[in-house]
Every structure is written in structure tokens, then in C-alpha cells.
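*Asks:* Before we start, here is the structure in question, set down as C-alpha cells.
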Amino acid sequence: MTDLVQPAPDAFDLACETLIIGAGACGLIAALSAGETGQEPLVIEADAVPSGSTALSAGLIPAAGTTLQRAAGITDDAGLFARDIQAKAKNENDPALVDLLAQNAAPVIDWLTQTHGLPFSVVTNFDYPGHSRRRMHGLPSRAGAELINALRAACEAQSIDIVCERRARTLYCDGRRVQGVAVTAPDGTVETIACKKLILACNGFGGNRALVSEHMPQIDDGLWFGHDGNQGEAVVWGRALGAALDHLGAYQGHGNVAHPHGILISWAVITEGGVQVNRAGRRFWNEAQGYSEAARAVLAQPDGVAFAIFDTRIADVAAQFEDFKQAQAVGAIRVQKTLAGLAADLGVPAAALEETVSGLPIDGTDSFGRRFSGPALRPPFCGVRVTGALFHTQGGLRVDDQARVVHGDGAGFANLFAGGGAACGVSGKGDSGYLSGNGLLSAVVLGRLAGLAPAD
């Protein structure tokens, strides 16, 4: 996959001040931040156009205490946000990192909105599991593709160079100081780039099956729903450099991916009162725990599939997401006037499905411990066959309060920074610690901090 770490060549093909590997949300925000401090950033991207994990996401960023929240009448603060993150992860996170992300998220959203004109708004019509306030910020389409395109446009407006179809293979380092990288073009040509500062924004290792099997075998059979470019270079380089690596078993799963269509179905279909059933038409867990741990719960069912059951009221809420609209367009979302008709459409026993839905408490707690607050599901009814998937990894390089990579001995590297999936996030040690939006939270905050740090 990579030639790991080598001594620098006698001469480089070109040189730049701040080099950023990866043109996802982390890398592009790092570039914008570096540029406003007077640095001259260069972003290299393996794909033909910037996309990455950001483009595959819903593009929602959690932040507490933003101008947009206040305008919407939402009272929130970083301390409450930090407590929510730690509660979901059972206090397995580094408190300093949690505080760093929680305190800096709102300033990043305000900066992107006010300085670069990104039209964020707060999702105000449903709640995400684990968030005690409505703090998810997204662009109008609620799609990551719109977010990545907006960030790319902002970089282009600042004349920031983004060079695509260049994959970093080798990192050149002298002790604790990075001197540059070697990148490969599609035709196999190798170029060497010297830099004063290097930011790893190349995401995690979910696309590397060997690393997934090593660190998170429990999701080995799950559908890989992330970006294939997530091959784990940051982890491999980090190991070779002796960098501290934390929580490599942490990941974000999702148990609501339309199958076989491969389209994400918003968890709003569950939080608004929907449920998941297996092929027998029976529920099998407390869906309120969250969509990340839902991946394992669904994969444990016969054939690794389940069915999300909801109604058209809930479908109208979910339709604000572009992915859900696509699922409707291709017929993944089945709609019937009766539960018996829906059961026949989905291939589950009608009597069992009817008993399951009629047995849901309108205002009470069920046998799984899930609290329902109504209204009850009403016709027309909706259903979609889903499976469990791995979205992205959450463990990675340990960083300090400037997003500087930390060595195993506790000292920082002179000019090496990391963010997003390349760095350790705040999702605890496994999948159940993932709080909605944790991935982009780490990407935008650490990207911002890494970009602002001086190029020594």
C-alpha cells in the first residue's frame, strides 16, 4: 500500500509551505484556515474530484452555541455538548479532546457561515439519539456532496491549489520533522513534494480489509459503505514513526442502509417512531440506542437483513434528505395502505408484523426499554429492507490541542498534524460510542486548528 517512511531524497521535484493530504471536509477547511493566516497551502487528492467520506455523508455537523441555534431559539453550550459526547461513549474518550471539539465546533460553523457564506441551518424537526439539544447543522439538501462542493468553491474563491489524482505513498521524515512526501499519478509517475508543514486529512482505514479484520472483526461481514480511498495511510505512517495511536477498534456503523440498493436511509425514520423488524416480522432490539450499533444488531439477524417500518408522516420528515429522496425514486421505499399489504410487499409474515406494530406503546416504554411518545404509526405504511454497514473508522493518531500529532513518548512532532478520520475521534473504543455527527465534528474542528497552526 505504501513505502512507509523514508529519509528525504537529495532534491524534491517541487516545494510548498503547507501540504495537505486529502480534499474532504477536513482538508479543505484546513486549507481555508491556513490561507487566512498567510500560509500558502497545497491540497493533494487521490480522486479525480474532491469527494471522500464527506460526500457520502449527510453533511451534518453538530455544534453547540452557534449563532444559528440562538436564532432558532435553541439554548445550548459546549459543556452540555461535551457531556453528551462522553455519555454516549461511556466516558471512554480523552476528556481534553472532547472539550477541544465541543468548544471549537460553534466557532467553525459561524466562520463558515459568516466568512465563506455557506448556508447552514439547524435541523429542527427531529432529534438525534444522544443529543440533548438540536445542534445538527447542514446545508439545504442535507447531503455531504453539497458540503464538499461548497468547501471546494470557497477554496477556489481564495485561489487555493487543489491537485487531484495524486495519491501520497511515501512520507519523508528526519527524526520528528516531516520533510515531504512522494505522490503517484494515475500513469505511475512519482513526484516528490517538500513542505514546511504537513496535515494528514486522508481519513481512516475502513477500506483496508486487513486493518478492519485486525482491529474490528465484529464488523468484518458488514457492507463497506465508506470511501474506497480510506486505506489507512495515516495509521501505517504513524506506526512507522512511533506516533501514539488510540482506539483503533472504534468505528461508525449504520444499520439502516437500503439493500440491495446501497442507499442510506435516514435514522429519522426510527427516531420519529418507526421500528426495525427481522424476516419473522418481529422487533429484535432497542432502536433508540443509535444507528451505529444498529449495524451489528441487524447483521445478527437471519441473512443479515432487517426491515425499517414507519408511515408516510415520518417519510415526509425524512424526505428533507437527498438520500431518502433517491431511495424513494428507485422504489426502495415500499408504501401500502395496510400492514398486510406492506408485509406481502416486503416478504414478512403479515400476522407477526401487525402484532408488532399494534403492540407498540403510544406513550410508554416497551420490553426492550425503548420509550415511545407517539403518535402511533398510521396508514399508509412504509417499509424498506436494510442491512448493516461500516461507514468509517474512528480511531487514529493522537493529537494535541493544535491538532499536532503526538509521539508515543508524549512529545509532539514538529510539523505533522492530523484531523478527521486520520486522527482519533471521540467515539470511545467501539461502535456504540458514536454520537451522530462525530465524524464531521472531528473533521471540521481539527481541520480548522491544524490549518491555523503556524508552518515552522
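The values are calculated or read from the model by the stated rules, or taken from the named source; none is laboratory data. These numbers come from a predicted model, not from an experiment. Every residue, glycine as well, gets a Cβ built from its backbone with ideal geometry; the counts of neighbours run over all protein chains shown. Accessible surface areas use protein heavy atoms only, side chains included; no ligands, DNA or RNA. Shrake-Rupley method; radii C 1.70, N 1.55, O 1.52, S 1.80 Å.
*Asks:* Do we have Gly395 as at pLDDT 95 or above and among the small types (Gly, Ala, Ser) here?
*Replies:* yes
*Asks:* Hey, Phe205 hits all of (1) part of a helix (DSSP H, G or I); (2) hydrophobic (A, V, I, L, M, F, W, C); (3) more than 30 Å from Asp10 (Cβ to Cβ) but one; which does it fall short on?
*Replies:* Unmet for Phe205, out of (1) part of a helix (DSSP H, G or I); (2) hydrophobic (A, V, I, L, M, F, W, C); (3) more than 30 Å from Asp10 (Cβ to Cβ): (1).
*Asks:* Just one of the numbered conditions (1) open to solvent by 10 Å² or more (accessible area, probe 1.4 Å); (2) at pLDDT below 95; (3) under 20 Å from the mean Cα position of the chain (by Cα) is not true of Asn125; which one?
*Replies:* Of everything listed in (1) open to solvent by 10 Å² or more (accessible area, probe 1.4 Å); (2) at pLDDT below 95; (3) under 20 Å from the mean Cα position of the chain (by Cα), Asn125 misses just condition (3).
*Asks:* State whether one or more residues within the range 268-282 are open to solvent by less than 30 Å² (accessible area, probe 1.4 Å), at positive phi and out of contact with any Lys or Arg (no Cβ under 8 Å at 6 or more places or on another chain).
*Replies:* Yes - at least one qualifying residue is present in the range 268-282.
*Asks:* Sort out which residues of the range 353-369 are β-branched (Val, Ile, Thr) and either over 17 Å from Val277 (Cβ atoms) or exposed (fewer than 11 other Cβ atoms within 10 Å of the Cβ) (or both), and write them in order of number.
*Replies:* Hits for the range 353-369 are Ile362, Thr365.
*Asks:* Sort through Gly207, Gly175 and tell me the only one that's of a type outside the set (D, E, K, R), modelled with pLDDT under 95 and open to solvent by less than 40 Å² (accessible area, probe 1.4 Å).
*Replies:* Only one candidate passes the filter, namely Gly207.
*Asks:* Working carefully through the options Ile199, Ile162, find the one that is in contact (Cβ under 8 Å) with a residue 60 or more places away in the chain, within 30 Å of Leu60 (Cβ to Cβ), open to solvent by 10 Å² or more (accessible area, probe 1.4 Å) and part of a strand (DSSP E or B).
*Replies:* Residue meeting the stated conditions: Ile162.
*Asks:* For the range 108-126, does any single residue satisfy the condition of being assigned to a strand (DSSP E or B) and closer than 26 Å to Ile265 by Cβ? It would help to see each step written out before you state the result.
*Replies:* Quick first cut of the range 108-126, residues assigned to a strand (DSSP E or B) only: 121-122.
The next check asks that each one be closer than 26 Å to Ile265 by Cβ; those that pass are 121-122.
Yes, the conditions are met somewhere in the range 108-126.
*Asks:* Can you pull out every residue in the range 37-56 that is in contact (Cβ under 8 Å) with a residue 24 or more places away in the chain and out of contact with any strand residue (DSSP E or B) (no Cβ under 9 Å at 6 or more places or on another chain)?
*Replies:* Listed by number, the residues that qualify are Thr37, Thr54, Ala55.
*Asks:* Looking at Ala350, Ala319, Ala344, which is the one that is open to solvent by less than 30 Å² (accessible area, probe 1.4 Å) and hydrophobic (A, V, I, L, M, F, W, C)?
*Replies:* Result of the check over Ala350, Ala319, Ala344: Ala319.
*Asks:* For Val298, which of the numbered conditions (1) open to solvent by less than 50 Å² (accessible area, probe 1.4 Å); (2) in contact (Cβ under 8 Å) with a residue 60 or more places away in the chain; (3) part of a loop (DSSP other than H, G, I, E, B) fails to hold?
*Replies:* (3)
*Asks:* Does Asp99 fit the bill of being open to solvent by 60 Å² or more (accessible area, probe 1.4 Å), under 18 Å from Ala403 (Cα atoms) and either in contact with a strand residue (DSSP E or B) (Cβ under 8 Å, 6 or more places away or on another chain) or among the hydroxyl-bearing types (Ser, Thr, Tyr) (or both)?
*Replies:* No.
*Asks:* Now for a different question. Restricting the search to the range 21-75, which residues are modelled with pLDDT of 95 or more, farther than 19 Å from Ala102 by Cβ, open to solvent by 20 Å² or more (accessible area, probe 1.4 Å) and polar (S, T, N, Q)?
*Replies:* Residue satisfying the conditions is Thr37 alone.
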